Every structure is written in structure tokens, then in C-alpha cells.
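Chemist: Pasting a structure here, questions to come.
The values are calculated or read from the model by the stated rules, or taken from the named source; none is laboratory data. Remember, it's a predicted structure, so these values are computed and weren't measured experimentally. Ideal geometry is used to build each Cβ from the backbone, glycine not excepted, and the neighbour counts take in all protein chains shown. Side chains are part of the model used for accessible areas, which takes the heavy atoms of the whole protein and leaves out ligands, DNA and RNA. Shrake-Rupley method; radii C 1.70, N 1.55, O 1.52, S 1.80 Å.
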Amino acid sequence: MKYPNTLDINTHRAYFCEHQLSSDANRHVDGINLDWDTCNPQPLKILCLNTIANNWLTIPFFREIPLGEDRHFLLDLLDLSFPLENLCARIRSDAFWRRAFVNRWKTYYPIDVDEKPWIRVYLEKHISEMLENLKPADYEQEIVQKLVDLCSLHVRELRIDHLEPPTNENGDHIPFDLILSNLRELRKVNITYDVKNAGNNFYLGCATITDKDIKLMTQGLERCYELTEFRLHSTKLEPAMMKRLATAMDKGCPNLASVGFPHCRCGDVGVRAFFDALSPESLPNVKEVVLTNNFLSAESILFLVHLVRRRPIERLDLRLNPIGNPGAIIILTMMFYLPLKELNLSCCSIDEEIEEYLLMMLRFNKSVKFLDLSSNKLGPAMGAGLVERIKENKTLQRFDLRNTEISADFRALIDETVMENREKHSLSDW
């Protein structure tokens, strides 16, 4: 058949299925092939979108395509192996970045997504994974700078669960000065220098943080002007390191609201060095202090109380510290002057000697909503007094008394009263 002159050549190319024709001289249609749909060929729009997706690196059309199903169709066609630089520069779709996240980390799903954009979720996981698996010997400033520049506009939380150890005992970990100082939107930092995998380079002390490590990290910390939460956990900290950290926070983190050193074994000397480096005007916005498992005694509690009194701290976590009865009495006595809403004294070597102070605090304190005294030997005799006193408290909404030798019957009565307080507050808030 003669090709009609009125038919546009591009239309002919779009709808002509040349691969379905036989290769002989007659060029007849293969009628036996049932896969060739002669009645419902692909629309021209779909063919165009396929072409754009196949050539997206050379012609990165996305914003030029109208909003609607055409963009969604193109996002489904795009190859997830394209360079991140091109994808981040052009695409913000939550559907695309969620698909990319699930495709890359098939066995991991974030539990704190909430309303965060998925591009942020993806890049926060991406930079964390890259830094966790980066060996100190392979660290190159130019490569890390490109990684930070790629993520800086989106990353607000940096979470490092482990780091690769140095190759020798005198070596250092990867430096964090360039990383922290160039993540301009950083709000939360959660870092540990601990090691999860014992490879061929493992040796005792490979997870020890060095003076150079802490120096470089504090240099970056001084430029985290938008930081609101800082956690350094499971890392042995010396007093000089604690002092350097306090100085860096005072100098560069005016908006800091949460500070934590859980499982850092800093001891009384380390905590005192941290507090001594702070002036009365330092860290004015801190509302949360976490010092879990730091070998603290009653001596540290005195310095801690002075810090808390000058700041609007609402949550204090001291669990797993052997502060004993003297430390607990200091805290319970000072709670009349503190705005604390949450207090955790679990596993703090406390016994029945604090009964008088605890009952007095429950009677007169009007701010504490959560109190944890679990895993302390309070004794069975304290249960009756707590049941009577808790009825006068209309603020407490959670009271953990597990493993305290208080009978289950008394704990059930206490939980019932606390639950009533919680329901009243929830109704009033609603």
C-alpha cells in the first residue's frame, strides 16, 4: 500500500510496530502473534513519557510536564539508579522518594516519619549510612564535601549508630568538623563512636574517642547555630572532653533544648567539669538533660540541681546511676523549686529511707507528670503510704513502681488513681 502523503511521519513512527513484522521480502503482518495489539496501540503521550524517562539524564524534564497523572506516570518510569544529584535537584515528590527508600532499604522502615518529606527521610538515612561505613583511611575531604553539599538543604537530623574504627591504636575516627559545620539545617545530632562489627581490624580500645576526635567535633558543633538536640552516647568521655563540649555548646548552640550523654561513663569529675564550663547565662533554653548510666553519685546531684534551678528544665533522666538515698533526697527536696515534668530515677540504689521525702513531694508538687522509681528497693511497707498520698495528687499521670517490692495490689490501686488523672487531663486538653 502506498504511504499517504497526508499522514504525519511522526504519527506513523509512533504507531508503527516494526518489530512485529516478519523480516521476509513480503513484509506481511504476523497474524499468529497474539501479543501484538492492533486495536489498542499505546497513546502518543505514553510513548513520549517513556522516551523522556529513558533519556532523562540528558533531557531532565519534570517541572515542564503539567501537574497531574502525567507527572506521576513519569515518576513511576524513572530509574532509581540515576545519580542522586540529578534526582534531588529536580524531584520533590513524596511518592517517588518513598519508592526509592523502600527499594534501597528493603528490611528497614523508619518509625518517626510523621509528616517529614520523604526526600529528607531518604537523605538522612543516606548520609548516616555513608558516614557509618566510611573508614578513616578512606576519608577524602572533597568526597565528603560533595556528600554534605548534596544533603545540606534537607537533612535536619544526623544519627550515627556506629563508626568504623581506626586501623591502629594511635589513629583517629573520621572528623566531624566539616560535616557538622556545613549541614546548615541541622536540628538534631545523635552520635556514638562505638563499634558494632568486630572485623579484622578490631582491637581493644578501638571505640575510644581521642582528643583530636572531640576537638574536630566541637569545632563543627560551634557552627550548628540551629541545633536543638545533642546526644553523644555509649562513648567514654574524659573530664577535659566534657569541658570542651560545654564550651562549644555555649558558644555555638543558643537554641539547644536537649542535652544527653547516656552511657558515657563520665563520672562525678566529668559532670562537674561540664557544669563548671558553663556560666549562669549559658544554655538558657535547655529543657531536657539525659545522664543515664554515668557512674554519678550524690556529689554530682548538687551541681546538677544548681544547673536545673537556673533553666526551664522539664525532663531529667538519671537512671542507672548509683546516687543512693542522699542523691534522691536532694532531688525530691529541690523539686518544690523546679519546673520538672518528668523524672527518671530507675535503678539508682534507692531504698525505703526516702519515704518521707517522696510522700511530701507527691503531696505538694504540682508539676511532675511522669515519675519512674522502678528497680529500687522501696520495700513493701511503703505501698500503703503511697496509696493514700497519691489520692491527693491530681497532676501525676504515670508512676512506674515495677520491681520495687511494693505489692501488686498496692500498685494496682496507685495505677488506678494515676489513670484517672491521665483521663482528666486528656479530656481537658481535648
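Chemist: I want to check the label-to-label distance for Asp276 and Arg315. Put each point 7 Å from Cα in the C-beta direction and report it in nm to one decimal.
Modeler: 3.0
Chemist: Suppose each label sits 7 Å from its Cα in the direction of the beta carbon; what would the Thr167-Arg63 distance come out to in nanometres?
Modeler: 4.5
Chemist: Here's another thing I want to ask about it. As an exercise, use a Förster radius of 56 Å and the Cβ-Cβ distance of Glu142 and Leu302 to find the FRET efficiency, rounded to the nearest 0.05.
Modeler: 0.70
Chemist: Might you tell me the accessible area per residue for the range 366-430, computed with a 1.4 Å probe and given in Å²?
Modeler: Per residue, the range 366-430 has an accessible area of 58 Å².
Chemist: Assuming R0 = 41 Å, can you tell me the calculated FRET efficiency for the pair Ala384 and Arg265, based on Cβ-Cβ distance, to the nearest 0.05? Present the calculation step by step, with values, prior to reporting the outcome.
Modeler: Working: r = 39 Å, r/R0 = 0.95.
Given R0 = 41 Å and the Cβ-Cβ separation, E is 0.60.
Chemist: Report, to the nearest 10°, how far helix 239-252 tilts away from the longest principal axis of the Cα atoms in the chain, using its own Cα long axis and a range of 0 to 90°.
Modeler: Compared with the principal axis, the helix lies near 60 degrees.
Chemist: If you don't mind, there's one more thing I want to ask. Mind checking the full-extension length gain between Val195 and Lys394? Use 0.36 nm per residue of separation minus the Cα-Cα distance, one decimal, nm.
Modeler: Contour length minus Cα-Cα distance gives 67.1 nm.
Chemist: Still on this structure: If you take log10 I(q)/I(0) by the Debye sum over Cα atoms at q = 0.08, 0.09 Å⁻¹ from the coordinates, which of (1) -0.86, -0.92; (2) -0.64, -0.75; (3) -0.43, -0.55 do you get?
Modeler: Correct label, based on the coordinates given: (2).
Chemist: Quote the FRET efficiency, to the nearest 0.05, computed for Arg90 versus Glu353 with a Förster distance R0 of 51 Å and r equal to the Cβ-Cβ distance.
Modeler: The pair Arg90/Glu353 has a calculated efficiency of 0.20.
Chemist: Kindly rank 323-333, 387-397 from highest to lowest mean number of other beta carbons found within 10 Å of each residue.
Modeler: Details: 323-333: 19.5, 387-397: 16.4.
Ranked from most to least packed, the peptides come out as 323-333, 387-397.
Chemist: Let me ask something else about it. List, in the order given, every pair from Lys116/Lys212; Lys188/Lys236; Lys116/Lys287; Lys146/Lys236; Lys377/Lys424 whose Cα-Cα distance in the structure shown is over 29 Å.
Modeler: Table pairs above 29 Å Cα-Cα are Lys116/Lys212; Lys146/Lys236; Lys377/Lys424.
Chemist: So how do 343-354, 41-52, 152-163 stack up, highest first, on mean other-Cβ count within 10 Å? Intermediate values should be presented prior to the final figure.
Modeler: On the way: 343-354: 20.2, 41-52: 13.8, 152-163: 18.4.
Highest to lowest by the protection proxy: 343-354, 152-163, 41-52.
Chemist: With springs only between Cα atoms under 10 Å, which of Val290, Val269, Val102 fluctuates most in a Gaussian network model of the chain?
Modeler: Its mean-square fluctuation being the largest, the pick is Val102.
Chemist: I've got another one for you. Quick one: length gained pulling Asp70 to Arg422 fully straight, 0.36 nm per residue minus the C-alpha distance?
Modeler: Taking 0.36 nm per residue and subtracting the Cα distance, the gain is 121.8 nm.
Chemist: In what sequence, largest accessible area first, do Glu416, Glu342 appear using a 1.4 Å probe?
Modeler: I get Glu416, Glu342, largest accessible area first.
Chemist: Multiply the residue separation of Leu204 and Asp79 by 0.36 nm, subtract the distance between their alpha-carbon atoms, and state the gained length in nm to one decimal. Can you show the working numbers first?
Modeler: Details: separation 125, 0.36 × 125 = 45.00 nm, distance 4.44 nm.
Roughly 40.6 nm would be gained on extension.
Chemist: Another question, then. So if I place +1 on the C-beta of Lys and Arg and -1 on the C-beta of Asp and Glu, and nothing else carries charge, what would the dipole magnitude of the range 333-430 be about its Cα centre? I want it in debye, nearest 20.
Modeler: On the way: 13 positive and 17 negative charges, 82 e Å.
Here the size comes out at about 400 debye.
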